[in-house]
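Read through the structure below, which is laid out as structure tokens, and then see the notes.
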Amino acid sequence: MTEDQIARPARLDWRTRILLYGYGFFDGLILIYPVYLLYFRDQGLSETEIATLLMLWPISSLLFELPSGYLADRFSKKTILVVGHVAYLGCFAVWHVLPTFTGFGIGLALWGMRGALSSGAFRSFLYEEMEARGTRNAFVRVLGQINALKWTAMLVAYSVGPALMTFGFTLVLALTATAAVIALAALLLVERKA
């Protein structure tokens, strides 16, 4: 490493940086998060059913966490993240098609699966991508920036999601799914530098 490389921190190319930042923002733009319990109630679920669903979510996350480590050793981090996003999108599809206790349970289990699959996979993915580009020394800074964008998107979702309920849950669900598709597309467009 030359003195110039030590003095000047490595930077990701602009395309990769935009894709990773876009992933972080749109992955955090979960507009349904502040309103999904209201939707459950509007669909006729009792408080006991809602409480049961809220127990199912972390249990499913825990159950999927066990095989996720094994899968992360067998498949690429990107593949694990993509599978998690597909499960996440499956959650919204099931909620739209089957807005019942069973449908919500399946959806939350899929969302829990997504959480388990992505819990450490994104950090590993980012580290490996930055290492392949020779920008490993900027990992903490870039991860912090991505997390800041994700938290900003969450604040936007908490501010805007309830207002969008005026137009119905289907719109909020569709916009959340659209944000998830954009995040997935950004992830898929990150190319490993040869």
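The values are calculated or read from the model by the stated rules, or taken from the named source; none is laboratory data. Just so we're clear, the structure is a prediction, and the values are computed from it rather than from any experiment. Glycine also receives a Cβ, built like all others from the backbone with ideal geometry; neighbour counts cover every protein chain displayed. We work out accessible area using only protein heavy atoms, side chains counted, and drop any ligands, DNA or RNA first. Shrake-Rupley method; radii C 1.70, N 1.55, O 1.52, S 1.80 Å.
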- Per residue, in Å², the accessible surface of the range 45-125 once ligands and nucleic acids are set aside, probe 1.4 Å: 50
- Taking the chain as the reference, fit the longest principal axis to its C-alpha atoms, fit the long axis of helix 169-189 to the helix C-alpha atoms, and give the angle between the two in degrees, 0 to 90, nearest 10. 20
- Working from Cα positions, state the angle (0 to 90°, nearest 10) between the long axis of helix 101-118 and the longest principal axis of the chain. 10
- Message: How far apart, in nanometres, would the label points at ARG15 and ALA51 be if each is projected 7 angstrom from Cα along the Cα-to-Cβ direction?
- Response: 5.4
- Under a plain spin-label model, where a point goes 7 Å from the Cα along Cα-to-Cβ, how far apart in nm are ASP73 and TRP151? 3.4
- For the range 41-54, in residue order, the Karplus 3J(HN,Hα) values (coefficients 6.51, -1.76, 1.60; θ = phi - 60°; whole Hz; Gly and Pro = x) are 5, 5, 8, x, 6, 7, 4, 5, 5, 5, 4, 5, 4, 5
- Message: Please give me, ordered by residue number, the trypsin sites (Lys or Arg not before Pro) of the range 96-194 that lie in loop per DSSP and have at most 11 other Cβ atoms within 10 Å.
- Response: ARG192
- Two-site label geometry, ARG133 and HIS96: point separation in nm, points 7 Å out along Cα→Cβ: 3.2
- Note on the structure: So the carbon and sulfur contribution to the accessible area of the range 43-194, 1.4 Å probe, in percent, is 69
